[in-house]
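One structure is given here, and the rest of the page talks about it.
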Amino acid sequence: MKNTIKLKFPKGIKYAGANSKTLVSALTGTSSKKDLAIQLKKIEAVNDLPVNERPDIISDLSIYNSGTSLYKHILNYFPDFIVSTLPVYQCKRTNGQISQNELLEITHEQIEAGIGFLTIHPTPNRLLIKLAQRRRVPWTSRGGAIVMKDLLSSNPADDNVYIKILDDLISLAKKNDVVISIGASYRSANVFDSLDECQIEEFRSQKSIGEYIENNGVKVIVEGPGHSTPQKLKLIADYYNEMSFPVMPLGPIPTDTAIGQDHISSAIGAVILGLYNSVDIITAVTREEHTGGIPSIKSTIEALQAAKIAAHIIDIAKLEDLSEDNKIVSFREQHQTCIYGKTNAGCSRCMDVCPLQFVTSM
């Protein structure tokens, strides 16, 4: 049975998991100094959207330390959103090595500030790195790659940096009622590498680490799976459904051909996986996902709109939630028009052959 978890934000709590509406997350973050201004404008634009188009979560994935923490800005000025972070991105790295103390300090600061959840990458080990070499593209996770580089620079018997500090992270998260999301360091970068031995082994690791965290009093989200064909998503769902954690898929993207249109492909993938009861938080993927560009404000809003539609379709299956559909259909029924919000019948498309105006007493 999947858990229901509480995700806090400045104005209250939202729920994810069993019997809860599917949440949507928007991504923000700075990759260089010039990104800060547009990211601040993006947050404002997202906040100005109609309530039904807004995300529930804004994730700060900054890899550049601008001196202005986006997550703090959101918490301070936009209290309607759950905020998530990925602390390893903010760590300085010397020859690929991460300071355990610095990672713990950054995580402590983010948790104390009031985030709802943080993403960690605790699964990398030498076996998974070896298995990944058999793939066409070994890995695509930035956070996972950072942790792997640090691991390979250490003693072969050592655990990765997140496993070393895991108990401290659990204590901090438990004290502040923060959820831990287990990132997918080996999510597939293309449909051909999906559900290989490496990914299956990572599923097992996510389950084991997640159970350890939950047994110590902290709720868990599990992330993944990346790119995967529709056929394989059913099998992937079986692995997720063996876990008790809410799922936040990255994608899934069911085809590698949708370059420049991945807001569409990821929404389709989310619905497919969601129909197997394995989607609880959708990450809104923009059309720039595989173009190398920084997502614009326009494309971020477009991605949110696609993700919100996907979330609603999932909830029709998950919760039998047809309330919004019924409101639209009732309006059309009353006003004899397919145009929602238009009170007089007829339109320039159908003119005098509008089928909704054809009424018979038979």
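Values quoted throughout were computed directly from the atomic coordinates according to the rules given, and no laboratory measurement underlies them. Computed from a predicted model, the values in this text were never measured in an experiment. Neighbour counts run over all protein chains shown; Cβ positions are idealised from the backbone, glycine included.
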If the chain between K174 and I13 were fully stretched, how many nm would it gain, using 0.36 nm times the residue separation less the Cα-Cα distance? 56.4 nm
So M1 and E102, fully extended at 0.36 nm per residue minus their Cα-Cα distance, gain in nm 32.7 nm
Taking the simple approach of a point 7 Å from Cα along Cα-to-Cβ for both V353 and T291, what is their distance in nm? 3.8 nm
Any residue on another chain or 5+ positions along whose placed amide H is under 5 Å from the amide H of F9 is listed here as K14
Cysteines having no other Cys beta carbon under 4.7 Å from their own, within the chain: C91, C198, C338, C347
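I want the local charge near N190. Using Cβ-Cβ distances under 14 Å, sum +1 for each Lys or Arg and -1 for each Asp or Glu among the other residues. Don't skip to the answer; put the middle values down first.
Numbers: positive: R134, R135, R136, R187, K232; negative: D193, D196, D256, D262, E289.
Neighbourhood net charge equals 0.
Using a 10 Å cut-off on Cβ atoms, rank the peptides 184-196, 163-175, 143-155 from the highest mean neighbour count down. Please list the in-between numbers first.
Working: 184-196: 22.7, 163-175: 17.1, 143-155: 19.1.
Packing proxy ranking, top to bottom: 184-196, 143-155, 163-175.
Give the peptides 19-27, 95-103 in descending order of average Cβ contacts within 10 Å, highest first.
On the way: 19-27: 20.1, 95-103: 15.1.
My ranking of the peptides, most packed first, is 19-27, 95-103.
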For segment 4-321, take the convex hull of the Cα atoms, compute a quarter of its surface area, and give me that in nm², please. 14.6 nm²
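Quickly rank 302-310, 234-242 as a protection proxy: mean count of other C-beta atoms within 10 Å, highest first.
Numbers: 302-310: 21.8, 234-242: 17.1.
In decreasing order of mean packing, 302-310, 234-242 become 302-310, 234-242.
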Rounded to the nearest 500, what is the chain's calculated 222 nm mean residue ellipticity when only DSSP H runs of at least 4 contribute -39500 (n - 2.57) each, over all residues? -12500 deg cm²/dmol
In whole Å, how far is the Cα centre of segment 205-242 from that of segment 1-74? 22 Å
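In percent, how large is the relative contact order of the chain, given Cα pairs closer than 8 Å and 6 or more residues apart? Intermediate values should be presented prior to the final figure.
Numbers: 693 pairs, mean separation 57.4, N = 362.
After rounding, I find 16 percent.
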